[in-house]
Amino acid sequence: MGSRAAGINSGARLARSMCRCQSRPPMLPDTPTPRRFMPSGPLRGRIRVPGDKSISHRALMFSALAVGRSQISGLLEGEDVLATAAALRQVGVTIGRDGEDWIVDGVGVGGFLQPQGALEMGNSGTSTRLLMGLVASQGIAAVFTGDASLSRRPMNRVIEPLAQMGARFEPSAGGTLPLLLEGIEPAVPITYRLPVASAQVKSALLLAGLNTPGVTTVIEPVPTRDHTERMLAGFGAQLTVEETNGERVIRITGQPELKPQEIEVPGDPSSAAFFAVAASLVPGSDLVIENVGLNPTRSGIFTVLRQMGATIEELDPREVGGEAVADLHVRHAPLTGVEVDPALAPSMIDEFPVLFVAAALAHGRTVTSGLDELRVKESDRLAAMATALSGVGARVEEREDGLVIGGTGGEPLAGGGPIATHLDHRIAMSMAVAGLASRDGVEVDDTRPIGTSFPTFERLVGECEQ
Ligand code: S3P
């Protein structure tokens with residue numbers, strides 16, 4: 001215990017000292033950027049949301065592991081994805097641009113070099129957990145650091161299985177960043193049943209399994225987003241998915257040669273959700289959101305909005321980059337509260353903040369449950385949204401695993417603020433949507449975090465308000 005504690009402290013100390021000497025210039029302004037989102041006229045026209053964040057991270061990472069040059073179009077150029085790109089460069093991957101496209105010269109599975117400084121993950125849990133998986137089965141060590149929000153988030157969920165594979169960790173107290181990870185080569189393949197429904201944990205293990213001899217098996221009792229499985233198979237990985245007794249059993253055979261790809265990243269349904277809710281709430285709205293990814297493991301928000309009475313039509317359904325895509329035609333419609341099936345939670349886990357805004361203006365009560373995971377996202381999203389919505393005039397009861405919201409019946413929320421966004425992009429954008437549907441506007445205390453996932457959000461709000 002004594003030596004472990006000493007190890008933890010030395011890991012944190014090392015991480016802090018590496019942070020100091022390797023810090024990248026900050027890309028965001030140093031001070032919070034508050035903004036009041038005023039009531040909006042009808043949202044109209046056609047907009048295109050940026051590339052899917054989950055798919056963008058994976059496109060960069062898997063291209064980095066292929067042998068040869070991959071080309072990615074539609075990549076999300078948000079801070080989170082840029083953090084992944086920066087970390088990949090630090091382990092020896094060449095990443096460049098060709099016009100709008102991104103070009104990645106892969107180093108092959110297991111080909112990472114020892115990074116010279118800490119890998120700075122900013123706000124991005126996906127970058128952190130997936131890269132931890134990749135480093136864990138290679139003979140290199142890396143220090144992972146993050147901002148105040150990421151440094152509070154639990155990493156034991158990946159540390160525990162990756163340690164079973166042989167990697168060694170020196171995390172900060174409570175299994176958080178900064179942490180030191182010493183990978184091991186060869187790692188030991190394991191069979192692991194996910195104790196939390198987490199695509200990040202699943203992906204971290206599959207990625208560790210990529211450079212591990214033999215077969216690594218992940219059992220998923222509750223299905224989560226499957227972009228890793230789809231895209232890895234597209235790169236030529238030996239991966240099988242079997243459904244037994246309602247569980248997904250995913251097996252990956254280690255040390256394949258991945259073939260470079262041309263990847264087209266579809267628009268992010270999580271970003272589209274803000275505009276789908278805004279257009280549903282603001283009277284007179286008639287908006288088309290183009291090129292939205294509708295993978296069933298991601299599209300729960302549109303199912304629930306339709307249950308509430310939203311008018312969301314899918315135009316021109318097609319496939320982009322192996323993912324279902326359509327243009328969404330959203331028109332204003334009165335919404336009614338629902339009891340949200342907790343089984344839908346994994347397919348809309350990032351969309352609850354904006355669903356709560358929709359519920360706050362619906363007729364009747366919306367009840368959500370089974371949402372413990374929301375407490376460990378970029379912020380505690382149940383607490384943050386309960387406080388934020390109450391502060392602008394909504395009726396909210398916070399329960400341990402969900403919110404119960406009594407809607408206004410279509411009347412605008414009073415408005416107010418400043419709303420504490422806790423470095424959480426989705427709280428900032430959700431409350432911006434609340435502002436569009438309010439009487440006096442809603443002030444959010446800091447719009448900077450929006451740049452992590454949706455840098456064009458504010459511009460698009462302006463464009464479709466005209
Ligand atoms: C993500 C998985 C989800 C989600 C996150 C992105 C991914 O996290 O909340 O925004 O790309 O794998 P969990 O795996 O923690 O549920």
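Go through the range 219-233 and give me each residue that's over 16 Å from GLU247 (Cβ atoms) and among the polar types (S, T, N, Q). Steps first, please.
Step one: filter the range 219-233 for residues over 16 Å from GLU247 (Cβ atoms), giving 225, 227-228, 230-233.
Selection gives THR228 alone.
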Q. Which of (1) among the β-branched types (Val, Ile, Thr); (2) surrounded by 24 or more Cβ atoms within 10 Å (Cβ to Cβ); (3) in contact (Cβ under 8 Å) with a residue 60 or more places away in the chain does VAL282 not meet, given it meets every other one?
A. (2)
Q. Of the conditions (1) within 16 Å of the ligand (Cβ to nearest atom); (2) surrounded by fewer than 23 Cβ atoms within 10 Å (Cβ to Cβ), LEU355 fails just one. Which one is it?
A. (2)
Q.
Take ALA86 and tell me if it is more than 16 Å from the ligand (Cβ to nearest atom) and in a helix (DSSP H, G or I).
A. yes
(Q) Condition first: of a type outside the set (A, V, I, L, M, F, W, C), open to solvent by less than 10 Å² (accessible area, probe 1.4 Å) and in contact with a strand residue (DSSP E or B) (Cβ under 9 Å, 6 or more places away or on another chain). Now tell me which residues in the range 408-431 satisfy that. (A) THR421
Q. For ALA434, are the conditions met, namely being open to solvent by 10 Å² or more (accessible area, probe 1.4 Å) and either in contact with a strand residue (DSSP E or B) (Cβ under 7 Å, 6 or more places away or on another chain) or of a type in the set (A, V, I, L, M) (or both)?
A. no
**Q.** Selected residue [modelled with pLDDT of 95 or more, within 16 Å of the ligand (Cβ to nearest atom), in contact with a helix residue (DSSP H, G or I) (Cβ under 9 Å, 6 or more places away or on another chain) and among the basic types (Lys, Arg)] from ARG193, ARG251, ARG225
**A.** ARG225
Q: Please report, ordered by residue number, the strands (runs of 3 or more DSSP E) entirely within the range 139-236 with at least 3 residues that are open to solvent by less than 30 Å² (accessible area, probe 1.4 Å).
A: 141-145, 168-172, 176-182, 215-220
Q: Specify the residue that is nearest to the ligand (Cβ to nearest atom); the eligible residues are those in the range 97-119 that are touching a helix residue (DSSP H, G or I) at 6+ places or on another chain (Cβ under 8 Å) and open to solvent by 40 Å² or more (accessible area, probe 1.4 Å).
A: VAL107
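Select from the range 141-177 the residues that are of a type in the set (Lys, Arg) and within 19 Å of the chain's Cα centre (by Cα) and list them in ascending order.
Initial filter on the range 141-177 (of a type in the set (Lys, Arg)): 152-153, 157, 168.
If the condition is that a residue be of a type in the set (Lys, Arg) and within 19 Å of the chain's Cα centre (by Cα), then ARG152, ARG153, ARG157 are the ones that fit.
The values are calculated or read from the model by the stated rules, or taken from the named source; none is laboratory data. As the structure is a computational prediction, the values presented were derived from the model and not from experiment. Counting neighbours? That spans all protein chains shown, and the Cβs are built from the backbone with ideal geometry, glycine included. We work out accessible area using only protein heavy atoms, side chains counted, and drop any ligands, DNA or RNA first. Shrake-Rupley method; radii C 1.70, N 1.55, O 1.52, S 1.80 Å.
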